[in-house]
Amino acid sequence: MRVNLVWLALFLVAGFSSGQDKATLSGYLKDASDGEALIGATVYVPSLNAGVTTNAYGFYSITLGSGTYEIVFSYIGYAKVTRTVNLQQNVRLDIELTPQSSQLQEIVVTGAAEKSAVQSVEMSVNKVDITTISKIPAFLGEVDVIKSLQQLPGVATVGEGASGFNVRGGNVGQNLVLLDEATVYNSAHLLGFFSVFNPDAVMDVKLFKGAIPAPYGGRIASLLDVRMKEGNNKEYEVNGGIGTIFSRLAFEGPVHDGKGSFIVAGRRSYIDILARPFVDVLQDGAKLNFYDLTGKANYNINNRNRLFLSGYTGRDVFFFDANQGFSWGNNTATLRWNSIINDRLFANFSGIFSKYDYALRFGEDDRDYFRWNSSITNFTFKPAFSYFISSNNELAFGAEGNYYSFQPAKALGASSGEVIDISLTRKYNLEAAVYISNNQRINETFSVEYGIRYSHFWGFGPGDQFIYNDTTAGVRKTVVSRRAFGRGEVMTEYGNFEPRVSAKVQLTPFSSIKASYIRMAQYLHLISNTTASNPLDVWTPSSNNIKPEVGDQYTLGYFRDLGKEKSYEFSVEAYYRNNKNQIDYIDGADLLINEFLEGDLLTGRGRAYGVEFYLQKKTGRFNGWVAYTLARTELQVEGINRGRWYPTRFDQTHNLKLTGFYEVNKRLSLSTNFTLLSGTPTTFPNSRYIIQNILIPYNEDDSRNNFRIPAFHRLDISARLEGRTVKKNGKVRKNSDYWVFGLYNVYGRKNPFSIYFAQADERTVPGQAINSQATQLAIIGTVIPSISYNFNF
């Protein structure tokens with residue numbers, strides 16, 4: 001199959017490149033101030049009403065008939081550059097665009113540069129500029145990528161302090177999160193209040209909620225692609241900030257006279273350090289902190305070849321004393337080689353390492369303790385090629401190989417010096433894929449992007465394969481036989497074709513209709529039956545008992561630019577996703593350190609459908625957006641809810657977000673966001689029985705998620721005060737700084753995270769009914785002020 005797709009790619013390349021009297025204009029678009037690549041910038045030929053956009057490395061290539069052309073290079077927030085090019089032969093032209101003043105920059109949330117969402121074939125995509133992210137009010141005043149994404153349509157969370165995010169009804173484990181192409185398995189710091197992405201090191205953030213391109217696979221809900229900054233290759237620069245809960249510092253600069261550049265950025269929380277003199281437990285060795293370090297370097301070997309090396313390491317530490325607590329963290333590394341093989345063919349080769357692990361420790365000494373370590377490690381190799389056939393045709397093809405090593409549990413317990421090993425065996429897997437896709441502009445009215453991806457998954461020994469009995473649905477299954485496999489033997493094998501297609505019909509220069517269909521396959525599964533994802537959740541691969549999840553998503557949308565200057569953007573998208581082999585759990589499932597975990601799992605169908613409305617004002621002193629989603633997410637699993645459809649724990653019928661920015665003057669700007677969400681489903685007892693004066697709640701009809709907690713709503717505001725740009729003596733300051741003042745949860749709403757029931761504490765008088773009480777848990781129940789100072793020099 002892989003050989004066939006490669007031959008098909010070569011055939012298409014040969015077929016499309018047979019034109020006569022053609023010449024190619026190619027090069028890089030970069031920021032004139034620091035040399036950073038401009039991703040998604042536009043290269044436009046007005047006389048032909050044709051153009052292309054730069055790829056993830058700022059490279060463009062456009063093939064035209066021989067002649068002289070006026071070429072316009074543009075990107076939102078930057079001054080346009082126009083060049084006249086005599087294209088009689090292939091021409092290499094690198095362009096640097098100059099940033100406009102901050103007062104003239106647009107709020108960038110979707111689309112890029114002059115090619116708006118109306119004109120692009122892309123749909124179900126949000127690109128959020130880091131400048132915009134930095135203006136959104138945030139918890140404790142700290143800029144956060146994940147929290148900013150939750151202000152967009154189709155993106156939700158089950159509550160404050162919840163890790164990760166949910167996209168169009170998908171669970172947290174169904175999102176593919178990439179940092180410079182490396183998989184991030186847990187994107188949260190501090191149990192979900194902050195993300196692992198340091199804003200000082202982030203260049204580009206792009207969220208695909210649907211219409212995911214063929215080069216990507218492995219998850220069925222969404223793709224979050226975060227690209228790191230390359231570093232300033234013009235001059236040395238220091239960025240940082242001092243906040244309420246943590247501080248950060250970034251250093252970047254040129255290498256070898258600008259042939260390369262680097263950036264190093266670090267963060268560390270210090271609430272445990274500040275509180276140590278006043279809290280006894282912190283003086284006894286307790287720890288409560290997180291830290292991360294992000295770095296990237298690049299070097300131009302010559303004008304056709306460039307190397308990149310990037311990495312991340314971070315950890316959260318929660319220790320109750322010197323010997324007891326838990327910690328978790330991610331480590332990633334990416335080595336990439338960009339090569340311009342010729343003026344039309346661009347190649348990138350990536351070698352990637354990613355690891356997520358957590359550790360749990362309890363015990364007073366070395367004779368009585370419990371220690372548990374778990375991890376998932378993967379190594380990836382990805383060759384990717386882009387062939388720029390013409391201004392109307394771009395072909396992409398490549399392959400991907402992922403090798404996984406799972407350590408479900410390395411667990412030791414000791415009692416009075418006697419050690420018991422309850423560790424689980426490692427699991428080894430390989431996931432490979434090949435793909436080919438074509439982005440084609442048929443004419444001025446119709447454009448289409450189509451492709452196919454084929455993925456294959458293997459499970460290897462050593463290990464045991466379990467066969468479970470057929471029992472009543474919803475009841476724990478037991479092992480009836482097992483088969484042992486030696487090292488390297490194939491235990492499990494699956495394969496899936498994953499077609500992708502998107503189409504756009506341009507109704508007018510200001511409006512378009514788009515439609516898409518994608519199929520995604522997911523071979524890794526996040527096992528979690530808690531209200532929100534937590535650091536101790538288990539990742540497990542597909543096996544003979546756990547089939548790959550497969551999702552088909554259909555999307556239809558209408559897009560329109562409004563206003564004389566196209567300063568407003570409106571879109572409405574309807575989607576429907578049908579999922580197979582969705583995982584749920586029997587009542588009382590044992591998910592941790594369980595060799596027979598698969599016996600506690602149930603599988604069934606899932607569906608998610610909804611409509612997303614989005615209206616954005618992009619320019620002017622007052623700008624922002626309104627996002628509303630009407631949606632439903634349901635599962636049907638034999639053995640749960642008597643086989644009937646039931647809502648998932650993260651189903652939200654109504655999801656309304658308002659985000660606004662107001663430029664008071666050159667130094668002062670205000671921002672606010674308001675969130676209103678339907679309460680998420682939960683399972684309440686609808687009956688009870690009493691044994692020896694003990695009340696036991698009971699669900700008599702086996703219903704799942706039969707009630708909803710109250711609605712969630714919150715208002716946040718912030719003010720940003722820029723430092724003075726001119727000194728008292730009239731000279732312009734070389735450095736810059738600003739203050740951020742914020743109020744989170746302005747009116748002190750106690751949003752419920754969960755509700756649980758318990759028997760009343762008071763003693764029951766004989767003959768009287770036993771009372772029970774419901775307790776509502778709110779993670780945050782008061783207004784939280786914040787202040788942070790940020791600087792650049």
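The values are calculated or read from the model by the stated rules, or taken from the named source; none is laboratory data. Remember, predicted model here, so these are calculated numbers, not experimental data. Cβ sites come from the backbone with ideal geometry, for glycine too, and all protein chains shown count toward neighbours. Calculation scope for accessible area: heavy atoms of the full protein, side chains included, ligands and nucleic acids excluded. Shrake-Rupley method; radii C 1.70, N 1.55, O 1.52, S 1.80 Å.
Brief remarks on what is shown
- FRET efficiency, 1/(1 + (r/R0)^6) with R0 22 Å, evaluated for residue 580 and residue 469 via beta carbons: 0.40
- Once the GluC sites (Glu not before Pro) in DSSP loops with at most 15 neighbouring Cβ atoms within 10 Å are cut out of the chain, the longest remaining piece is 1-234.
- Charges were assigned to the Cβ only: +1 to each Lys and Arg, -1 to each Asp and Glu. The resulting dipole of the chain about its Cα centre is roughly 1840 debye.
- Contact order relative to length of region 183-300, as percent, for alpha carbon pairs under 8 angstrom and 6 or more apart: 22
- Euclidean distance of C-alpha centroids, region 548-567 and region 584-657, integer Å: 20
- Members of 234/259; 229/666; 229/259; 566/618; 30/566; 80/731 lying beyond 19 Å, as alpha-carbon distances in this model show: 229/666; 30/566; 80/731
- Within the accessible area of region 465-613 (1.4 Å probe), percent carbon and sulfur: 54
- Residue 293 versus residue 793: modelled label distance in nm, points set 7 Å from Cα along the beta carbon direction: 2.4
- Computed from the Cβ-Cβ distance with R0 of 45 Å, the FRET efficiency linking residue 443 to residue 320 stands at 0.10.
- Stokes-Einstein diffusion for region 332-460, with the hydrodynamic radius set to the Kirkwood value over Cα pairs and evaluated at 10 °C in a medium of 1.306 mPa s, equals 86 µm²/s.
- Rg and Dmax of region 149-267, based on Cα coordinates, read 16.4, 49 Å.
- With contacts taken as Cα pairs under 8 Å at a separation of at least 6 residues, region 529-598 carries a relative contact order of 32 percent.
- Accessible area of region 319-444 belonging to carbon and sulfur atoms, whole % at 1.4 Å probe: 56
- Long-range amide H partners of residue 783 with built H, under 5 Å: 748
- A 1.4 Å probe run over region 367-478, with the rest of the protein chains in place, finds 44 Å² accessible per residue.
- Candidate values (1) 45, 32, 24; (2) 44, 32, 27; (3) 77, 33, 30, label of the one derived for semi-axes √(5λ) of the Cα gyration tensor in Å: (2)
- With DNA, RNA and ligands ignored, accessible area of residue 454 (1.4 Å probe; Å², nearest 10): 50
- Accessible surface of residue 80, taken over heavy atoms with a 1.4 Å probe and every protein chain present, rounds to 130 Å².
- Beta bridges assigned by DSSP with both partners in the chain are antiparallel in approximately 95 percent of cases.
- Rough spin-label spacing in nm, given labels placed 7 Å along Cα→Cβ, for residue 778 and residue 79: 5.2
- Gain upon complete extension [residue 335, residue 562; 0.36 nm per residue less C-alpha separation]: 77.4 nm
- Rounded tilt (10° steps) of 2-16 against the dominant C-alpha axis of the chain: 20
- The fraction of accessible area contributed by carbon and sulfur in region 22-99 is 46 percent, rounded to a whole number (1.4 Å probe; ligands and nucleic acids excluded).
- Angstrom value of the Kirkwood radius, inverse mean 1/r, which spans all Cα pairs in region 247-401: 19.3
- Euclidean distance of C-alpha centroids, region 224-246 and region 304-351, integer Å: 16
- Residue-by-residue Karplus 3J(HN,Hα) for region 76-93, coefficients 6.51, -1.76, 1.60, Hz, glycine and proline x: 4, x, 10, 6, 5, 10, 10, 10, 9, 10, 8, 9, 9, 8, 4, 10, 9, 9
- Between residue 632 and residue 381, the simple label model (points 7 Å from Cα in the Cβ direction) yields a spacing of 4.8 nm.
- Sites residue 530 and residue 699, calculated FRET efficiency, Cβ-Cβ separation with R0 25 Å, nearest 0.05: 0.85
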